[in-house]
Amino acid sequence: MKKDFFTYQAQTTPHPLALEISHAEGSYIYTTDDKSYLDFIAGVSACSLGHRHPKVVDAIKEQLDRYLHVMVYGEFIQETPVQLAKLLAANLPHPLEKTYLTNSGTEAIEGALKLAKRVTGRSELIAAKNAYHGNTMGSMSVMGFEERKQAFRPLLPDVSLISFNNYDDINRITERTAGVILETIQGGAGFIVPHHEYLKKVKKRCEAVGALLILDEIQPGFGRTGKLFGFEHYGIIPDILVMGKGMGGGLPIGAFTASNEHMSTLQDRPKLGHITTFGGNPVIAAAALATLKEITESDLMSATLEKEKLFRSLLKHPLIKEIRGIGLMLAILTPTAEIANQVILKCKDEGLLLFWLLFEPAAIRVTPPLTISNEEIEIGCKQILRVMDLIYSETESL
């Protein structure tokens, strides 16, 4: 199969990890050569409840027995997407009350950008340097990393970049600005959390000039930070909330949520202001509904913060400069990119899956399922430390 993988399936990097997957269960992924891997990636934060969570699988099977796709978005009334949107509204603060379901996080970003322009009648979008919001053309336009954008220009015009956590840059939000889009916690940049009062000041400035604040919660969302959404840590409410990844229980989904008043602008002038064929797919919505119920009705979110403490207490080593992030959205900062590479690749060989971050080459991603056990955390951390000991001893001997 590996030969066919490289021959027929388009690749995104020159050197993919290329594990040949047999099956996955809980916190583990198994390959066709009978090896098991403890998963500290969770599909890049997507598998919130681990692999094949029984409640998610049961919800999928139940919906499979009823019907699959029946109509383009928003025309027929289907139980699972309606119930998903209703439960989201019940768990979100006013006025975040109406949700548009999409196929992915980046598609949800596209909808959010369009919504900000439609509501305000303005064109300028403001994003952050080192931001990542997806890889479609609109999402790339608000990506704050030129190296990944330059090959695909021209992109959307009238986009300005500010520095995340820079208070002076907030004044660059003006009456020309349609929307300010920020990751609540900067993901690709290295899991950088907002400084005290930063998001509050951004929101206040947006309100003063009539711009909309869009918060990208595609990674922190659905309990990963110990709250259902990361913005709940910072005492603000965005005008438009974007989500994805962890909401689907392992299936592809995204969404953006806003007030009824704002969302209604996509219905007319023009009609079909945002449209998708498969967004709100009933099978995927069933998986997302089961995921949301499990996260909000269990102790997973509070346990996430305790698991963060466990990670921080165990991961102490001369090669660990810092651990960034909140909950189970953590980044281990090492002295160099080469050390990060060695740790990730050597841990893979030893049966532990870690991964890189987009724009911070010296960082190691640690985003396991929220369902990971304390014992599994201890096993994985011991493996990281063993590998770091080996690398450190080799470095010291040079």
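Listed by position, the helices (runs of 4 or more DSSP H) enclosed by region 32-125 that each have at least 3 residues that are without any contact (Cβ under 8 Å) to a residue 24 or more places away in the chain are 54-64, 79-90. Please tell me if residue 202 is among the β-branched types (Val, Ile, Thr), surrounded by 21 or more Cβ atoms within 10 Å (Cβ to Cβ), part of a helix (DSSP H, G or I) and modelled with pLDDT of 95 or more. In short, yes.
One residue is enough: does region 229-241 have a residue meeting the conditions assigned to a strand (DSSP E or B) and crowded, with 24+ Cβ neighbours inside 10 Å? For region 229-241, residues assigned to a strand (DSSP E or B) and crowded, with 24+ Cβ neighbours inside 10 Å: present.
Listed here are the residues, each with its yes/no results for (1) in contact with a Leu (Cβ under 7 Å, 6 or more places away or on another chain); (2) within 26 Å of residue 395 (Cβ to Cβ).
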| site | (1), (2) |
| --- | --- |
| 298 | no, no |
| 315 | no, yes |
| 321 | yes, yes |
| 326 | no, no |
| 331 | yes, yes |
| 336 | no, yes |
| 340 | no, yes |
| 348 | yes, yes |
| 368 | yes, no |
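Screening residue 47 on (1) open to solvent by less than 80 Å² (accessible area, probe 1.4 Å); (2) under 23 Å from residue 272 (Cα atoms) shows it passes everything except condition (2). One residue stands out among those in region 376-398 that are modelled with pLDDT under 95 and in a helix (DSSP H, G or I): the one that is nearest to residue 45 (Cα to Cα), which is 392. The condition of being within 25 Å of residue 255 (Cβ to Cβ) and in contact with a Cys (Cβ under 8 Å, 6 or more places away or on another chain) holds for residue 180.
Restricting region 7-30 to residues that are closer than 22 Å to residue 341 by Cα and hydroxyl-bearing (Ser, Thr, Tyr) leaves a set whose member that is most open to solvent (accessible area, probe 1.4 Å) is 12. Just one of the listed residues (86, 98, 114) is charged (D, E, K, R), modelled with pLDDT of 95 or more, surrounded by fewer than 17 Cβ atoms within 10 Å (Cβ to Cβ) and closer than 30 Å to residue 281 by Cα, namely 86. As a summary of the residue check, residue 385 satisfies the conditions (1) more than 27 Å from residue 222 (Cβ to Cβ); (2) touching a helix residue (DSSP H, G or I) at 6+ places or on another chain (Cβ under 7 Å); (3) touching a residue at least 40 places away in the same chain (Cβ under 8 Å) except for the one numbered (2). Which of (1) buried (at least 23 other Cβ atoms within 10 Å of the Cβ); (2) in contact with a strand residue (DSSP E or B) (Cβ under 8 Å, 6 or more places away or on another chain) is the odd one out, the single condition residue 139 does not satisfy? It fails just one condition, (2).
Restricting to region 52-68, name every residue that is under 20 Å from residue 244 (Cα atoms) and surrounded by fewer than 22 Cβ atoms within 10 Å (Cβ to Cβ). Answer for region 52-68, where residues must be under 20 Å from residue 244 (Cα atoms) and surrounded by fewer than 22 Cβ atoms within 10 Å (Cβ to Cβ): 52, 55, 57, 60.
Annotation note: of 4, 39, the sole residue that is buried (at least 16 other Cβ atoms within 10 Å of the Cβ) and of a type in the set (D, E, K, R) is 39. Assess whether residue 326 counts as being among the aliphatic types (A, V, I, L, M), in contact with a Ser or Thr (Cβ under 8 Å, 6 or more places away or on another chain) and either crowded, with 18+ Cβ neighbours inside 10 Å or more than 30 Å from residue 34 (Cα to Cα) (or both). Here the answer is yes, as residue 326 does meet what is asked.
Does residue 91 count as within 13 Å of residue 188 (Cβ to Cβ) and surrounded by fewer than 22 Cβ atoms within 10 Å (Cβ to Cβ)? Considered against the rule, which asks whether it is within 13 Å of residue 188 (Cβ to Cβ) and surrounded by fewer than 22 Cβ atoms within 10 Å (Cβ to Cβ), residue 91 comes out as no.
The values are calculated or read from the model by the stated rules, or taken from the named source; none is laboratory data. Source: prediction; values computed, not measured. Here the Cβ is made from the backbone with ideal geometry for all residues, glycine too, and neighbour counts use every protein chain on show. Surface accessibility is based on the protein's heavy atoms, side chains included, excluding ligands, DNA and RNA. Shrake-Rupley method; radii C 1.70, N 1.55, O 1.52, S 1.80 Å.
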